[in-house]
C-alpha cells in the first residue's frame with residue numbers, strides 16, 4: 001500500500017475523500033454582465049465528507065451508497081461522472097473506471113457536496129490513469145464543471161474570488177471544532193442568488209493567521225454571509241438552525257455556509273463540537289447534525 005496526504009491506494013482501488021466545503025464568510029462583491037455574481041469568501045474543508053473509490057474497469061461505471069444515496073442521480077448528469085468523462089477527454093483516453101460514491105453529506109446543502117465529489121474524482125483518476133495534466137489545465141477543466149469545483153480541488157483553506165475560479169492561499173487557520181447542521185431540506189443555489197437584493201459588500205480578507213479558534217471567531221464576526229438573508233426568506237428553517245446553533249453550548253459563532261441550507265457552529269475544539277452536536281441532535285432529531293472540525 002502507498003499513501004499520499006489526499007488519498008490511499010490499496011491494490012487497484014484508490015480511495016479519495018471529498019470533504020465538506022465550509023464558507024467561513026461569504027461576501028457578494030459584484031455581478032458580471034452575464035449575471036454571475038462575484039464573491040469574496042474564506043473557505044475551509046471539514047473532516048466530514050463524502051468518500052469516493054475508483055478502480056480500473058473496461059468501461060465507466062458509477063454506483064452510489066450511503067445515507068443520502070437515494071437523492072443522487074447516477075446517470076450522465078451526475079457531476080462526478082461528468083468529471084471522469086471530461087478528464088478522460090483531456091487525457092486522450094477512454095473514460096474507463098469503476099467509481100463508487102459513499103454519499104454522506106446532504107444534497108444541495110451549501111457545503112459543496114457535488115463539487116467536492118467531482119474534485120475527488122479528478123484527484124483520484126489523475127493518479128489511477130497516471131494523467132500528466134498541468135495544474136492550470138486541471139483548474140480550467142474543474143471550472144468548466146462548476147464554479148465550486150476548483151476550490152474543492154484544493155482541500156486546504158483558501159480565499160476565493162471571481163465566480164470561484166480565483167483562488168489564493170489563506171493564512172494558516174487554527175484547529176477548530178465545527179458543528180454542521182442541515183434541516184434536511186435542499187436549497188438550490190440559483191434560487192438563493194436570484195433572491196438576493198441590495199448593495200454589494202467589500203472584500204474582507206486578512207493576512208495575519210488567527211492565534212486560536214476564539215481569534216478566528218472574532219475575525220469572522222466582523223464579516224458575514226451575504227446569502228443568509230435570501231436563504232432564510234426562501235427557507236425559514238435556516239433561521240431556526242442558526243438560532244439553535246447560536247445558543248448551543250461551546251459554539252462561538254453560528255453562520256450559514258455557502259448558499260445554505262447547512263449552517264455551522266465554530267467551536268474551540270472537536271470535543272466542544274461533539275458536545276454541542278449531541279445537544280442539538282437530542283433537541284432536533286429531524287435535523288442532520290454532525291460534529292467535525294478542521
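Coordinate-derived values only; no laboratory data. From a predicted model like this one, the values you see are computed outputs, not experimental measurements. All Cβ positions, glycine included, derive from the backbone under ideal geometry; neighbour counts span all protein chains shown.
Compute the long axis of helix 79-91 from its Cα atoms, compare it with the longest principal axis of the Cα atoms of the chain, and write down the angle in degrees, 0 to 90, nearest 10. Rounded to the nearest ten degrees, it is 50. Peptide packing: for 243-249, 193-199, 174-180, the average count of neighbouring Cβ atoms within 10 Å per residue gives the ranking 174-180, 243-249, 193-199, highest mean first.
The listed peptides 100-108, 161-169, 233-241, 112-120, ordered by packing as a protection proxy, come out as 112-120, 100-108, 233-241, 161-169 (highest mean of other Cβ atoms within 10 Å first).
Here the scattering of segment 17-91 is modelled by Debye summation over its C-alpha atoms, one equal scatterer each and no solvent; at q = 0.22, 0.23, 0.25 Å⁻¹ the log10 of I(q)/I(0) is -1.08, -1.09, -1.13. The convex hull of the Cα atoms of segment 24-63, projected and averaged over all directions, covers 5.8 nm².
With an 8 Å cut-off on Cα pairs and a minimum separation of 6 or more residues, tell me the relative contact order of segment 2-169 in percent. Result for segment 2-169 is 27 percent. Taking each DSSP H run with n ≥ 4 as -39500 (n - 2.57) and averaging over every residue of the chain yields -9500 deg cm²/dmol at 222 nm. Radius of gyration over Kirkwood radius for segment 190-240, both on Cα atoms: the Rg/Rh ratio is 1.08. The length gained by stretching the chain between residue 221 and residue 85 to full extension, at 0.36 nm per residue less their Cα-Cα distance, is 44.8 nm. Note on residue 61 and residue 130: the model spin-label points, each 7 Å out from Cα along the C-beta direction, lie 2.3 nm apart. Per the Cα gyration tensor, segment 177-293 maps to an equivalent ellipsoid with semi-axes of 23, 21, 9 Å, ordered largest to smallest. For segment 2-169, evaluate the Debye formula with one uniform point scatterer on each Cα (no solvent term) and list log10 I(q)/I(0) at q = 0.15, 0.18, 0.19 Å⁻¹, rounded to two decimals. Those come out to -0.79, -1.13, -1.25, one per q.
According to the Cα-based calculation, Rg over Rh for the chain is 0.96, with Rh computed by the Kirkwood formula. The equivalent ellipsoid that matches the C-alpha gyration tensor of segment 74-147 spans semi-axes of 20, 14, 10 angstrom, in descending order. With contacts taken as Cα pairs under 8 Å at a separation of at least 6 residues, the chain carries a relative contact order of 21 percent.
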